[in-house]
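Inspection log for the structure reproduced underneath, given as structure tokens.
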Amino acid sequence: MKVLIVEDDKNLSKLIAKRLKEEGYDVVQAYDAEEGLNYANYEDFDIIILDLMLPKMSGFYIIESLRNKKIKTPILVLSAKDSVEDKVKGLSLGADDYLTKPFSFPELLARIQALVRRSKDIDEISKLKYHDLTMDLLKKEVYRGNKKIDLTAKEYELLKYLMENAEKIVTRNMILANVFDIDFDIESNVVDVQIHRLRDKIDKGFDKKLIHTVRGFGYVLKAN
């Protein structure tokens, strides 16, 4: 799992990073708010550990900015600010948990694990992911990396079926039955046409192609 630590106390940041790496985490450190916000905007993390009193801007601003951009990465506030007002503000803006300093590392680790586990459970329900392709089932949105892909309703359903069966060959008849509600039509080229259109949107401009034709069998979503 990948963790972003946004903390201007370098000794504390290094200590947390060292302990998390010992637990098998991949850790990225930022020592001011601007650097932290840049990381959070453009890289994928499983969780963000965020101080509130930071150089250049407050941690509150980071929380609000990320949530306004619909970035849902779990945020664990780690702060010396222990007033009820600060806790309420942080959580109201979109933080997922709030731990005050000083703290014990076992408690920090337990809270990280709980937040990541809860986030993964939600993602499994609301999102399909394969390689750098993401489908948000709630918003009906598709992204390849950071690029949003606009699909018709039928292209969306076709891609959803391919993603649900990633790395498995699906035949034309399987697609006809599950996507187009057609039991069998040997003369129809609707699948080939829709695959061609979908491939043009999903793979065009990307080095790694995801939608492949398996001659004599059908199609497969596979990164190779």
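The values are calculated or read from the model by the stated rules, or taken from the named source; none is laboratory data. Everything numeric in this text was worked out from a predicted model, so none of it was measured. Please note: Cβ atoms are built from the backbone with ideal geometry, for glycine as well, and neighbour counts cover all protein chains shown. Ligands, DNA and RNA are excluded from the accessible area calculation, which covers all protein heavy atoms including side chains. Shrake-Rupley method; radii C 1.70, N 1.55, O 1.52, S 1.80 Å.
Counting pairwise Cα distances across the chain, what percent come out greater than 33 angstrom? The proportion of pairs with Cα distances above 33 Å equals 34 percent. Solvent-accessible surface (1.4 Å probe) assigned to residue 200 amounts to roughly 80 Å².
Of 69/154; 14/204; 2/87; 10/140; 2/81, which pairs sit farther than 30 Å apart, going by alpha carbon to alpha carbon?
Numbers: 69/154 28 Å; 14/204 42 Å; 2/87 25 Å; 10/140 41 Å; 2/81 26 Å.
Beyond 30 Å between Cα atoms: 14/204; 10/140.
Is the range 109-221 best put as rounded, prolate or oblate by its Cα gyration tensor, with a ≥ b ≥ c the root eigenvalues, rounded for a/c under 1.5, and otherwise prolate when a/b is larger than b/c, oblate when not? Prolate shape, in that a/c is at least 1.5 and a/b is the bigger ratio. When you count the other C-beta atoms within 10 angstrom of each residue and take the mean per peptide, 166-177, 29-40, 137-148 line up highest first as 29-40, 166-177, 137-148.
Taking the alpha-carbon distance from residue 139 and a cut-off under 18 Å, which aspartates and glutamates remain once sequence neighbours fewer than 8 residues away in the same chain are dropped? Once the sequence-local aspartates and glutamates are set aside, what remains near residue 139 is 121, 123, 124, 150, 155, 157, 164.
Taking Cα atoms only, the orientation of helix 10-22 departs from the longest principal axis of the chain by about 50 degrees. The accessible area of residue 43, taken with all protein chains in place and a 1.4 Å probe, comes to roughly 70 Å². In this rough spin-label picture, where each label sits 7 Å from Cα along the Cβ direction, the residue 44-residue 140 distance is 2.4 nm. With the simple model of a label 7 Å out from the Cα in the direction of the Cβ, residue 182 to residue 61 spans 5.6 nm.
The range 27-44 and the range 123-184 have Cα centres lying 31 Å from one another.
Surface exposure of the chain, expressed per residue as accessible area with a 1.4 Å probe, stands at 55 Å². The charge dipole of the chain, taken about its Cα centre with unit charges on the Cβ of Lys, Arg, Asp and Glu (plus for the first two, minus for the last two), comes to roughly 280 debye. Positive-end ranking of 130, 116, 216 along the dipole of the chain, with charges on Cβ about the Cα centre, is headed by 216.
Counting only protein heavy atoms, what percent of the accessible surface of the chain is carbon or sulfur at a 1.4 Å probe? Kindly include the intermediate steps, with their values, before the conclusion.
Numbers: 6060 of 12410 Å².
Whole-percent figure for carbon plus sulfur exposure: 49.
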